[in-house]
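Asker: Quick one: structure below, then a few questions.
Just so it is clear, none of the values below were taken in a lab; they were calculated from the coordinates. These numbers were taken from a predicted model, which means no experiment stands behind them. When we count neighbours, we look across all protein chains shown, and the Cβ atoms used for this are built from the backbone with ideal geometry, even at glycine.
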């Protein structure tokens, strides 16, 4: 039973354009959401997070949007750069310390 | 700061063998986690710890054991290795639950 889903395995975007990565979840008790970026043969690295009391969080080129009624979050990268090419995972947590990750979206930014 | 370190980087086990995956962090974090990632899948939580002496099960704990005797170290023990445990294992740490997790580089384990 996948509590966090990323339905797009891959995404290609031209350099300079916007990348939008999507994530859906099923558990309404999740109160903390994160996005991680992963390069091959490395551990994930943290990108940005959002608490369930907010609907938007920005950090430089990265913005995360949370729509609690739709149980949906998205990561926007503007402008996209070739170095952004990686696998992106969304993750969610509820009180009780469990963390659930999506299956990842492989982003390719074309120069 | 070395951050989160994991040893070994690679290991091949035979069915039925046992081993311990080592994880250490030097950030004085309270929380530590073990995940596994199967090909084409996301990370699944095996075990976690909220402090020395306290551990709890994650989503996929069967076939594994952990201990946390110090703040720095969080070893993962595999008893009676099975082919289903072939995976990449990541250790992570964070100060609190609602803080970013810092990940180690991973251990690639193959059970034949």
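Asker: Can you give the FRET efficiency for residue B:7 and residue A:1, using 1/(1 + (r/R0)^6), R0 = 25 Å, r = Cβ-Cβ distance, to the nearest 0.05?
Answerer: Efficiency, from the Cβ-Cβ distance: 0.15.
Asker: Between residue B:26 and residue A:68, what is the label-to-label distance in nm when each label sits 7 Å out along the Cα-to-Cβ direction?
Answerer: 4.1
Asker: Can I ask one more? Residue A:51 label point, 7 Å along Cα→Cβ, cut-off 16 Å on backbone N: hits in the stretch A:26-43?
Answerer: A:30-34
Asker: When you look at the Cβ of every residue in B:43-49, what mean number of other chain Cβ atoms sits within 10 Å?
Answerer: Whole-number average of other-chain Cβ neighbours for B:43-49 is 4.
Asker: Arranged by the count of other C-beta atoms within 10 angstrom, fewest first, what order do A:17, B:108 take?
Answerer: Ordered from fewest to most neighbouring Cβ atoms within 10 Å, A:17, B:108 come out as A:17, B:108.
Asker: Return the tail of the calculated pair distribution for the protein assembly as shown, meaning the percent of Cα-Cα pairs more than 31 Å apart.
Answerer: Of all Cα-Cα pairs in the protein assembly as shown, 20 percent lie more than 31 Å apart.
Asker: Please give the average number of partner chain Cβ atoms lying within 10 Å of the Cβ of each residue in A:96-105, rounded to a whole number.
Answerer: If you average over the peptide's residues, the count of other-chain Cβ atoms is 6.
Asker: Now a separate question. Taking N as the number of residues in chain A, what is its Cα Rg relative to 2.2 N^0.38 Å?
Answerer: Taking the Cα Rg and dividing by 2.2 N^0.38 Å, one obtains 1.01.
Asker: Under the Kirkwood approximation applied to all pairs of distinct alpha-carbon atoms, what is the hydrodynamic radius of the stretch A:57-111 in Å?
Answerer: In the stretch A:57-111 this quantity evaluates to 12.9 Å.
Asker: Would you list the P(r) distribution for chain B, with all Cα-Cα distances sorted into 10 Å bins from 0 and each bin expressed as a whole %?
Answerer: Pair shares across the bins are 16, 51, 28, 5.
Asker: A further question follows. What's the exposure ranking of A:1, B:56, going from fewest to most Cβ atoms within 10 Å?
Answerer: A:1, B:56
Asker: Please report the spacing between the Cα centers of the stretch B:68-88 and the stretch A:1-15 in Å, no decimals.
Answerer: The stretch B:68-88 and the stretch A:1-15 have Cα centres separated by 29 Å.
Asker: Here's something else I'd like to know. With each label point set 7 Å from Cα along the Cα-Cβ vector, what nm distance links residue A:58 and residue B:57?
Answerer: Taking the simple label geometry, residue A:58 and residue B:57 are separated by 4.5 nm.
Asker: Determine the shielding of peptide A:34-43 by partner chains: average, over its residues, the number of Cβ atoms on other chains within 10 angstrom of each Cβ.
Answerer: 4
Asker: Which distance in Å, rounded to a whole number, links the C-alpha centroids of the stretch B:7-41 and the stretch A:21-68?
Answerer: Cα centres, the stretch B:7-41 to the stretch A:21-68: 24 Å.
Asker: Tell me, A:66, B:43 in order of fewest to most beta-carbon neighbours within 10 Å?
Answerer: Lowest to highest Cβ neighbour count: A:66, B:43.
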